[in-house]
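Trainee: This is the structure I have questions about; it appears just below.
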């Protein structure tokens, strides 16, 4: 009963939190909750840990996507710049 109340409180907190902060949390909490329940009846602890891990992984994935986008933009800008011909000297 107590773990059910804790899990409900965690889910309510996640549902009321802004979407930007909840990235990865729902998926991680679901997986962690199931794993914690199977591992010994610690579903709420597993859900909390899964939420933290899922949020961390979502942030890491977003950061990698931003870096890849920056690399792609820099490559495109280098290709768009016209190559200058070497200066020739005449005597």
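Trainee: If you scan region 45-91, which residues turn out to be more than 18 Å from the chain's Cα centre (by Cα), loosely packed, with under 12 Cβ neighbours inside 10 Å and either at pLDDT 90 or above or assigned to a helix (DSSP H, G or I) (or both)? Step through it out loud before you land on a result.
Mentor: Step one: of region 45-91, the residues more than 18 Å from the chain's Cα centre (by Cα) are 45-46, 71-91.
Within this subset, residues satisfying the condition of being loosely packed, with under 12 Cβ neighbours inside 10 Å are 71-91.
If the condition is that a residue be more than 18 Å from the chain's Cα centre (by Cα), loosely packed, with under 12 Cβ neighbours inside 10 Å and either at pLDDT 90 or above or assigned to a helix (DSSP H, G or I) (or both), then 71, 72, 73, 74, 75, 76, 77, 78, 79, 80 are the ones that fit.
Trainee: Just to be sure, is residue 14 in a helix (DSSP H, G or I), at pLDDT 90 or above, touching a helix residue (DSSP H, G or I) at 6+ places or on another chain (Cβ under 7 Å) and surrounded by fewer than 18 Cβ atoms within 10 Å (Cβ to Cβ)?
Mentor: Answer is no for this residue.
Trainee: Look at residue 40 and say whether it is at pLDDT 85 or above and either outside any helix (DSSP H, G or I) or in contact with a strand residue (DSSP E or B) (Cβ under 6 Å, 6 or more places away or on another chain) (or both). Steps first, answer last, please.
Mentor: Numbers: at pLDDT 85 or above: yes; either outside any helix (DSSP H, G or I) or in contact with a strand residue (DSSP E or B) (Cβ under 6 Å, 6 or more places away or on another chain) (or both): yes.
In short, yes.
The values are calculated or read from the model by the stated rules, or taken from the named source; none is laboratory data. Predicted model, so just to flag it, every value in this text is computed and none were measured. Ideal geometry is used to build each Cβ from the backbone, glycine not excepted, and the neighbour counts take in all protein chains shown.
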